[in-house]
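The values are calculated or read from the model by the stated rules, or taken from the named source; none is laboratory data. Nothing here was measured: the structure is a model prediction, and the numbers come from that model. Using ideal geometry, Cβ is built from the backbone for each residue, glycine included, and neighbour counts are taken over all protein chains shown. Heads up: the accessible areas ignore ligands, DNA and RNA and are worked out on the full protein's heavy atoms, side chains in. Shrake-Rupley method; radii C 1.70, N 1.55, O 1.52, S 1.80 Å.
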Amino acid sequence: MKAPSSRIWSLFLVAGTTRPASGSVKVPAMETIVHPKRSAKDIEQMAAKETAAFLRRASITYLECCVSLMMTHLQREEVAAILEKEADMLRRLD
């Protein structure tokens, strides 16, 4: 009998069964991984750190998309001048 596809295998592995429904092929059961418990404060700090990292990446990606859009209808020098002007405004912002 033909072995199940890798997607089927992963479904069985996630479920933790030892064999597919057909019963012809053995699939190893998943091992339980035990992690030490973390305090709520540690989890909150980890979540805040990961949220900040995500927002930073998303903001940079958004900026890159905006620059790409500008480049579709403006000259490179125009885009550079606009961005330099915006950067100067940011530097002066208190």
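Values as computed for the structure displayed
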| quantity | calculated |
| --- | --- |
| With all protein chains modelled, accessible area of K85 [1.4 Å, Å²] | 130 Å² |
| FRET E, pair A81, R57, Förster distance 22 Å, beta-carbon r, rounded to 0.05 | 0.25 |
| Nearest-10 value in Å² for the accessible area of I60, using the 1.4 Å probe | 70 Å² |
| Rounded, prolate or oblate (a/c below 1.5 giving rounded, otherwise prolate when a/b exceeds b/c) for the range 30-75 by Cα gyration tensor | oblate |
| FRET E, pair H73, L93, Förster distance 41 Å, beta-carbon r, rounded to 0.05 | 0.90 |
